[in-house]
Amino acid sequence: MAKKGNRVQVILECTEHKATGQPGTSRYITTKNKKNTPDRLEIKKFNPILKKMTVHKEIK
């Protein structure tokens, strides 16, 4: 049975981790309602490599 609605799966990637040059990436998978939030998500999440809360942005 297929899911109904406007909910889509998105990938969030850390923005600060790219600038440090350390190996690895911090990524999270979540869902969002495309009707309510058509723009890209930007959420503070925990980065286990840097061991602190950082801004994660939606990637395509």
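The values are calculated or read from the model by the stated rules, or taken from the named source; none is laboratory data. This structure is a prediction, so every number in the text was calculated from the model and none was measured. With ideal geometry, Cβ positions are generated from the backbone for all residues, glycine too; neighbour counts draw on all protein chains shown. Accessible surface is based on the protein model in full, side chains and every heavy atom, while ligands, DNA and RNA are left aside. Shrake-Rupley method; radii C 1.70, N 1.55, O 1.52, S 1.80 Å.
Taking Lys and Arg as +1 and Asp and Glu as -1, the other residues whose beta-carbon sits under 13 Å from that of F46 total +4.
Taking the protein heavy atoms of the stretch 9-60 in the context of the full set of protein chains, the accessible area attributed to carbon and sulfur is 52 percent at 1.4 Å. Rolling a 1.4 Å probe across the protein heavy atoms gives the chain an accessible surface of 82 Å² per residue. In plain terms, if you count all Cα to Cα distances in the stretch 5-56 and split them into 5 Å steps from zero, the share in each step is 5, 20, 28, 19, 12, 10, 5, 1 percent.
With a Förster radius of 22 Å applied to the beta-carbon distance between T25 and K3, the computed FRET efficiency rounds to 0.20. Here the spin labels are modelled as points 7 Å beyond Cα on the Cα-Cβ line, and at K34 and T54 they lie 2.9 nm apart. In the structure shown, the pairs K3/K44; K3/K51; K4/K51 are assessed against 32 Å; a Cα-Cα span above that value is assigned to K3/K51; K4/K51.
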